[in-house]
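Colleague: Starting off with a structure, shown below.
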Amino acid sequence: MGNAQAKSYTVKILSFLRRLLFPPRCRVCGGLLPWEASAVGVSHIKERCLAFYQEMAPVMCGACMRGTKVPEGGRCSICGVPIEGVSLDPPRCGVCMAPNRILEKVVSLFLYEGGPAHGVRSLKYHNKRALAPPMGRLLYGAIEEIGAVDLVVPVPLHLSRLRKRGFNQASLLCEVLEKKGYAVAHDLLLRRRNTDSQAGLSRKARLKNVQGAFEVKEKRLVKGRTILLVDDVLTTGSTLSACGRVLRSAGAESVSALAFARRDTGFLQSAYHKTAGWRAT
Ligand SMILES: [Zn+2]
Ligand SMILES: [Zn+2]
């Protein structure tokens, strides 16, 4: 038996013993995971949902992964907001038709429900950091939809929130992108006001809430660069838009955004348009 072969046997035996001693558990519900992950019993399945099941199977059980959906149906091709009755091809919402829009492109991987929502909540509120690497790999798999990126910037938490939680989930998600060779500026943006708890606010109130909330710490890193903002959840886009606005004012060539999941708020194009969205004003 060669040296390399012996080594590979040793690795196999060690990982077998490790599984016996520390059987892996679902990071969402705590249940034991099956010995061989086989979460997929469906033949017609979206490629990205399949990727979710494959990536998450070592850290999530089948029941917790259920209800994984990608954003589809009539949506704006730029920002992904659901729209109705727009005959443009590719479809665009009123906000994204404006030539001076802030965000070049916004990609959300999943809908914020079922498996992806469980993953996000367990990572963020229950400190299950083992969920971050597979979620980051899923983001990495979608980055080509954005195009060229010079610099990746996670959406920051307010310092008080960061101290309480101990980590910024968007930063953890970006660690995979960093390992894959992307430049990531973890502390480039500063959140001056704690605007995290936006739940229950209307889109208009959210936009007002985040105005002036962000600051670019090192403008020289931004000038002339193509920037990708990363966040775990997108709701109305007001946070991403506020970050995009300060980055553009600091001289960024363009700003796009990648979110793990999007929560559709039920705002359709008409209501969305009236609130001036993420347009530069
Ligand atoms: Zn579970
Ligand atoms: Zn749009």
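Each value in this text was obtained by applying a stated rule to the coordinates, not by laboratory testing. Keep in mind that this is a model prediction, so the values were computed, not measured. Heads up, the Cβs are rebuilt from the backbone with ideal geometry, glycines too, and the neighbour counts pull from every protein chain shown.
Colleague: Just the residues that are within 16 Å of ligand 1 (Cβ to nearest atom) and either of a type in the set (D, E, K, R) or over 35 Å from the mean Cα position of the chain (by Cα) (or both), please, taken from the stretch 5-31.
Modeller: Our first condition is that a residue be within 16 Å of ligand 1 (Cβ to nearest atom); within the stretch 5-31, this holds for 23-31.
Passing the criteria: Arg25, Arg27.
Quick grid of which residues meet (1) of a type outside the set (Asp, Glu); (2) under 20 Å from Phe260 (Cα atoms); (3) exposed (fewer than 14 other Cβ atoms within 10 Å of the Cβ); (4) free of Cβ contacts under 8 Å to residues at least 60 places away in the same chain:
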position: Leu151; (1), (2), (3), (4): yes, yes, no, no
position: Pro156; (1), (2), (3), (4): yes, yes, no, yes
position: Ser160; (1), (2), (3), (4): yes, no, yes, yes
position: Arg163; (1), (2), (3), (4): yes, no, yes, yes
position: Asn168; (1), (2), (3), (4): yes, yes, no, yes
position: Leu173; (1), (2), (3), (4): yes, yes, no, no
position: Leu177; (1), (2), (3), (4): yes, yes, no, yes
position: Ala185; (1), (2), (3), (4): yes, yes, no, yes
position: Arg191; (1), (2), (3), (4): yes, no, no, yes
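Colleague: Kindly provide the set of residues from the stretch 50-84 that are touching a residue at least 60 places away in the same chain (Cβ under 8 Å) and within 16 Å of ligand 2 (Cβ to nearest atom), ordered by number.
Modeller: Pro71, Cys76, Cys79, Gly80, Val81, Pro82, Ile83, Glu84
Colleague: Also, quick follow-up: Kindly evaluate Leu88 against the criterion of being within 16 Å of ligand 2 (Cβ to nearest atom), more than 28 Å from Leu50 (Cα to Cα) and surrounded by fewer than 16 Cβ atoms within 10 Å (Cβ to Cβ). Give the steps one after another, and end with the answer.
Modeller: Numbers: within 16 Å of ligand 2 (Cβ to nearest atom): yes; more than 28 Å from Leu50 (Cα to Cα): yes; surrounded by fewer than 16 Cβ atoms within 10 Å (Cβ to Cβ): yes.
In short, yes.
Colleague: Quick one: what pairs do we get from the stretch 1-23, first residue within 23 Å of Pro58 (Cβ to Cβ), second surrounded by 10 or more Cβ atoms within 10 Å (Cβ to Cβ) and not β-branched (Val, Ile, Thr), C-beta under 8 Å, 6+ apart or different chains?
Modeller: Hits for this filter: Pro23/Leu32; Pro23/Leu33.
Colleague: Let me ask something additional. Given the options Leu103, Leu109, Leu88, name the one that is farther than 16 Å from Leu258 by Cβ and touching a helix residue (DSSP H, G or I) at 6+ places or on another chain (Cβ under 9 Å). Walk me through it before giving the result.
Modeller: Values: Leu103 fails: farther than 16 Å from Leu258 by Cβ; Leu109 fails: farther than 16 Å from Leu258 by Cβ.
Step by step, each of Leu103, Leu109, Leu88 is checked, and only Leu88 is farther than 16 Å from Leu258 by Cβ and touching a helix residue (DSSP H, G or I) at 6+ places or on another chain (Cβ under 9 Å).
Colleague: Now, a different point. Considering only residues that are surrounded by 15 or more Cβ atoms within 10 Å (Cβ to Cβ) and within 13 Å of ligand 1 (Cβ to nearest atom), look in the stretch 54-66 and name the one that is nearest to Pro24 (Cα to Cα).
Modeller: Checked the stretch 54-66; the qualifying residue nearest to Pro24 (Cα to Cα) is Val59.
Residue by residue, here is whether (1) free of Cβ contacts under 8 Å to residues at least 12 places away in the same chain; (2) within 21 Å of Cys49 (Cβ to Cβ); (3) among the β-branched types (Val, Ile, Thr); (4) buried (at least 18 other Cβ atoms within 10 Å of the Cβ) holds:
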| site | (1), (2), (3), (4) |
| --- | --- |
| Arg92 | no, no, no, yes |
| Ile102 | no, no, yes, yes |
| Leu109 | no, yes, no, yes |
| Arg129 | no, no, no, no |
| Ala132 | no, yes, no, yes |
| Ala142 | no, yes, no, no |
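Colleague: Also: Name the helices (runs of 4 or more DSSP H) wholly inside the stretch 131-188 in which the number of residues that are under 24 Å from Cys64 (Cα atoms) and within 13 Å of the chain's Cα centre (by Cα) is 1 or more.
Modeller: Numbers: elements: 132-142, 159-165, 169-179.
Counting at least 1 such residues, we get 132-142, 169-179.
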